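What follows is one structure encoded as structure tokens, with my remarks underneath.
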């Protein structure tokens with residue numbers, strides 16, 4: 001399946017149908033979220049505030065200008081989680097500077113980001129960390 005927003009990306013048809021999401025409709029603006037979990041250690045970061053951020057206010061993760069991802073097994077688990085109503089960890093983002101109107105930079109959570117856009121969610125639960133500029 002081809003999706004145009006937030007940037008063009010594809011989800012393999014077999015993954016889309018295996019997840020059972022083809023006829024599913026979201027009942028909320030975003031998936032039900034738990035605290036962000038560090039991708040390496042698995043440690044939850046309950047100290048980070050979670051905000052519901054419109055997907056259009058989050059900079060899409062890219063690789064050479066296109067959607068970068070996606071491990072099909074991880075994508076399948078995320079989509080199945082939506083269908084089953086399983087709470088998933090918030091994504092990790094940062095807001096450059098102190099202006100709350102600045103778009104969020106996604107740090108971790110590309111699968112949840114693109115799956116949310118494809119599934120029809122309008123917002124994403126984002127754990128906001130302090131800005132790190134390397």
Do the sum for the chain: with -39,500 (n - 2.57) for every DSSP H run of n ≥ 4, divided by all residues, what is the mean residue ellipticity at 222 nm, to the nearest 500 deg cm²/dmol? -6500 deg cm²/dmol
Taking only Cα atoms and a 10 Å spring cutoff, compute GNM fluctuations for the chain and point out the largest among 103, 73, 38. 73
Please state the relative contact order of the stretch 70-134 as a whole percent: Cα pairs under 8 Å, 6+ residues apart? 37 percent
Most mobile of 110, 23, 39 in a GNM of the chain (Cα contacts under 10 Å): 23
Extending each Cα 7 Å along its Cβ direction at residue 25 and residue 131, get the distance between those two points in nm, one decimal. 4.0 nm
Antiparallel content of DSSP bridges confined to the stretch 2-129, in %, to 5: 65 percent
When the chain is modelled as a GNM with alpha-carbon springs shorter than 10 Å, which of 22, 30, 118 fluctuates the most? 22
What span do the alpha-carbon atoms of the chain cover on each of the three principal axes, reported in whole Å from largest to smallest? 41, 31, 28
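Any read-out appearing in this document is the output of simple, stated calculations on the displayed coordinates, not a laboratory observation. From a predicted model like this one, the values you see are computed outputs, not experimental measurements. Cβ atoms come from the backbone with ideal geometry, glycine included; neighbour counts cover every protein chain shown.
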